[in-house]
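Everything on this sheet refers to the single structure shown next.
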Amino acid sequence: MIRSPAARSPAPDWAMVDRDLPPAIAAQPGLWQPLPGWARRHGDDAGPSSEAAFAAGAALLALDQIVRAEPPWLGALRQRQALAAAAVSSRLMRLPADEAALRDAHHLTRAGDDPGPSGRLHRAWRGLAARPARAEAAAGLAQALGLGASAGAELGPGLASGGPVARAAASAARAAAAVGPAQALEGEIFGLMLADLVLSETLGWPVPVPLLATTILGPALTGRPQRPRPRPGDPGWAAACQAAYADAAGLAHQRALALARRAARLCALAGTLRSKGGAAGLRALLADDAIAARALAELGGLGSERAARRFLERLVALGAARELTGRPLFRLYGL
Amino acid sequence: MAPPSRQPWFDPAPELPREARWRAWMGRVEAVIFASPTPVPRETLAALVGPECRLDALIADIQDELRARPYELAFVAGGWHHRTRPAYADAIRAAGSVSQEARAPALTATENLVVTAIAYLQPVTRAELSRLFAKEVSRDTIARLKRLDLVGAGPRMPALGAPLTYVTTHRFLSVFGLGSLRDLPDIEALEDAGLLARGAPVAPQPDALDDVLGARPDDTDP
């Protein structure tokens, strides 16, 4: 068994790291337990809707407790979910981009340049995961997908009834239907985004966590060859959404626990680092999926790009952060 | 010009019979598209006719009416636009009545080939393009495509020297009469052949791509 670093060393000296990071949460990876087996959805089918609804409720509750506690690494969770959602939507649009390519496109596009078709999708998802969960955000998302700002104008959670997942599913179907057949795929992705937006607003989360898109095309729902993928507005759409949310919230919870463990390790080591501006570097690592040395240097605090890279390499050498690309140049670092 | 109405959309006399109302909507939508120099997005049209009107059926009716005309209502670059049919391209070119700015830019064979390859493989660097054509793609070719606003700068490649990649622009879709990048001819066949995958060996099998490039329909004049 791996002992958590927090148990080995005394509690990290938070005054040295940052006063803004709540120490109790980041330093206690045992605060949240993994989902019990009974809360998982079984079988490779959408299954009976009562079972899916039960699993979705249980998994969303577990995730809700994490989101409400607002641990400092919540930004990393949101952006990892956004990346996964962007990879799925790229596949839906038949754009040849995996998560690594999307990450590269985001970090290597200079200001004012075009990140390319899949990069624009990724940008839209990152926008969803970074802006407050309010109905007004829908117009911005529609514009980011090239649908025109007014597509999301009249869509709000107030228009649907039922539980949070049912409302999210209904909003997705309505949003996709508001887009013409010429842009059906963009409309479908817009629907997936809006479902997460409406779910977050209903649950009272300040900023959405992308969920539905990460699993709606998963093998559990579209595994069989003859089976068409669930589309917003289909007869089985609400049931598919329930199953997808059960899977997605469960996976996001699992990812959150892994991030909590790594964040605790990073914060425990933070006390031993004496880099100037290290607190800003830690905060940046905890707030995003990945960060490049150049971007970290531009944030200020750590000095030059070289100093930022040395700081990040030091964290990697100590096992507190990971290098995500595996290449010698243009390295990206994250939890 | 009509005074700005308080209503966000226009309901041409709700007391009119259904048929007349539908005709009024059709006229209004087609007039807006006709008057616009750029493609009109669906949302602009939806705001124009209001939520009661089934816009897709309306556009299908307009297209049906234009079936005998030498122009059509086409979905290009994310919006609806009047376009002359490809069969009349020669006549329009011979007459020379379209001004230089309004005309689709005249591209050489190489430029056509390069911009098409960028569209399929984007984001792609100049070195990758040169490898694909087994011949240097000159900076001048790319510079001219950039000046015509058909391609733009994309993300940098994570390789030595951080070479710039190129992506196609909105204007590319408009000039080539494509609704979106998924409307590129035979894109699914090329994908299934694995020719568009990132890092795929594009150089050994250029024949399949050539077939597609040859099969590309002529540009339509706006």
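All of the numbers you see were taken from the coordinates with simple rules; none came from a lab. The structure presented is a predicted model; accordingly, all values stated were derived computationally and were not measured. Here Cβ is always computed from backbone atoms with ideal geometry, including for glycine, and neighbour counts include all displayed protein chains.
Working ranking of peptides B:177-185, B:61-69, A:170-178 by packing, defined as the average number of other Cβ atoms within 10 Å per residue, highest first, is A:170-178, B:177-185, B:61-69.
Decide, for region A:272-334, between rounded, prolate and oblate: order the square roots of the alpha carbon gyration tensor eigenvalues as a ≥ b ≥ c, take rounded if a/c falls under 1.5, and otherwise choose prolate if a/b is larger than b/c, else oblate.
On the way: a/c = 1.41, a/b = 1.24, b/c = 1.14.
Since a/c stays below 1.5, the shape of region A:272-334 is classed as rounded.
Fewest neighbouring Cβ atoms within 10 Å first, the residues A:I216, B:I33, B:I92 line up as B:I92, B:I33, A:I216.
Can you pull the semi-axes for region B:32-171, root of five times each eigenvalue of the Cα gyration tensor, sorted largest first, whole Å?
On the way: eigenvalues 257, 86, 30 Å².
In descending order, the three semi-axes are 36, 21, 12 Å.
Where does each of B:S99, B:S130 land when they are ranked from fewest to most other beta-carbon atoms within 10 angstrom?
Sorted ascending by nearby Cβ count, the order is B:S99, B:S130.
Ellipsoid fit via the Cα gyration tensor, region A:74-114: semi-axes of 17, 16, 8 Å, each the root of five times an eigenvalue, largest first.
Our summary of shape: the Cα atoms of region A:46-259 have principal axis extents of 48, 42, 37 Å, ordered from largest down, in whole angstrom. Counting neighbouring Cβ atoms within 10 Å and putting the fewest first, the residues A:S118, A:S50 line up as A:S50, A:S118.
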